[in-house]
Amino acid sequence: MPKQYRLLGGEPVLRRACRAFLGHPAIGGVRVVIHPDDRVLYEAAVEGLGLPEPILGGESRQESVLNALAELSEDPPRAVLVHDAVRPLVGAALIDRVVAGLETHAAVLPALPVADTLKRAAPGTRQVESTLDRTDLHAAQTPQGFAFAPLYDAHLKARAEGRAVTDDAALAEAAGLATLLVPGERAALKLTVEEDFAMAEALIARTPARTAIGQGFDVHRFGPGDSVMLCGISVPHTHGLVGHSDADVALHALTDAILGALGAGDIGTHFPPSDPRWKGAASARFVAHAMGLLAARGGTLAHADLTLICERPKIGPHAAAMKASLGALLGLPPERIGLKATTTEGLGFTGRSEGIAAQAVVTLSLPADPLPDR
Ligand code: MG
């Protein structure tokens, strides 16, 4: 799962980053640039924050920023802050410093002095060649602040010239904009490797967690068709499943399990079958909604366990694909997902092959007390 959608202190990294800006009085609005494939993850991560439509990114970070600037150019702001979503612990004081710098400069760069001694290795070797003078060296962070018009111009120019850079300050620099350095924050670290997540978790003061267990059960009957949706995977079969949505009985049970553990009603209250919007809907969307509610409570999913009950189709050949699909939906590694299938020995409605039943159990970890700003 992309780092910006992983959970940190029970909250998606992206959501935490957005909240840092949404809660700041100098910020007029937040736009998120996402990968087109991450739509479902995005919707779940920012559920309830009231953000406008996300902007779709490009092939590179630079292109993604340009896409966002192009969108903003329709009603250009005076200034813009460009931030890496994987720096979720950015503080209000850092945002203050960047915004204040924009009063006098067209570009503002938060940075930390380089504390470690820098060594250059002989090219392609592990052999130290020289020691660099670290005086006047700074490690760049984000948010980087810019007057809107010159940054947009610099981006357009770089694209026209086919020039690639790693951050926006480099473009400002190339365009000859005076760039002010302001002090960065160690806490605004970029979540790059696994160790960074552990450090960031440690930085977040957490209330003790409570555990909640939810269970869900669902049944759909067979009808005409040549495939059934199970765990977000289309499985060829002699029949289809009848339902208002895509009739993914497994994802319905799973959604109900999450909603149940949250005490948040059931799938029918959130997605009434009478609502034409959910006709033929991909049930992954229902799961994402429940995950969004969980994230909004500052909770995390610890595990999910599903049992599919039917005589046919055979689940075994599709189990790996189903598990991968569940892992992507839930943001869980394989060892935290149980997926089992059983027949009922020819007994009952499943035994008569009239339909498929599914059971799900989930374990959630939730903050012990409600967090008021979520
Ligand atoms: Mg159902």
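General observations
- When region 211-233 is filtered for residues that are within 14 Å of the ligand (Cβ to nearest atom), out of contact with any helix residue (DSSP H, G or I) (no Cβ under 8 Å at 6 or more places or on another chain) and of a type in the set (Gly, Ala, Ser), only 223 remains.
- Scanning region 234-261 for residues that are among the aliphatic types (A, V, I, L, M) and either surrounded by 21 or more Cβ atoms within 10 Å (Cβ to Cβ) or out of contact with any His (no Cβ under 8 Å at 6 or more places or on another chain) (or both) yields 241, 247, 249, 250, 251, 253, 254, 257, 258, 259, 261.
- Which listed residue, of 134, 163, 159, 126, is of a type in the set (D, E, K, R), touching a Pro at 6+ places or on another chain (Cβ under 9 Å) and surrounded by fewer than 18 Cβ atoms within 10 Å (Cβ to Cβ): 134
Residue-by-condition table, conditions (1) within 16 Å of the ligand (Cβ to nearest atom); (2) in a helix (DSSP H, G or I); (3) surrounded by 21 or more Cβ atoms within 10 Å (Cβ to Cβ):
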site: 274; (1), (2), (3): yes, no, no
site: 293; (1), (2), (3): no, yes, no
site: 302; (1), (2), (3): no, no, no
site: 311; (1), (2), (3): no, no, no
site: 327; (1), (2), (3): no, yes, no
site: 341; (1), (2), (3): no, no, no
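- Within region 91-121, the residues that satisfy the criterion of being farther than 13 Å from residue 182 by Cβ and either at pLDDT 95 or above or not small (Gly, Ala, Ser) (or both) are 106, 114, 116, 117, 118, 119, 120, 121.
- Residues of region 11-30 satisfying the condition of being surrounded by fewer than 22 Cβ atoms within 10 Å (Cβ to Cβ) and out of contact with any helix residue (DSSP H, G or I) (no Cβ under 8 Å at 6 or more places or on another chain): 19, 22, 25, 28, 29
- Residue 250 outside any loop (DSSP other than H, G, I, E, B) and away from the ligand (no atom under 16 Å from the Cβ): no
The values are calculated or read from the model by the stated rules, or taken from the named source; none is laboratory data. The structure displayed is predicted, hence computed values, not measured ones. Please note: Cβ atoms are built from the backbone with ideal geometry, for glycine as well, and neighbour counts cover all protein chains shown.
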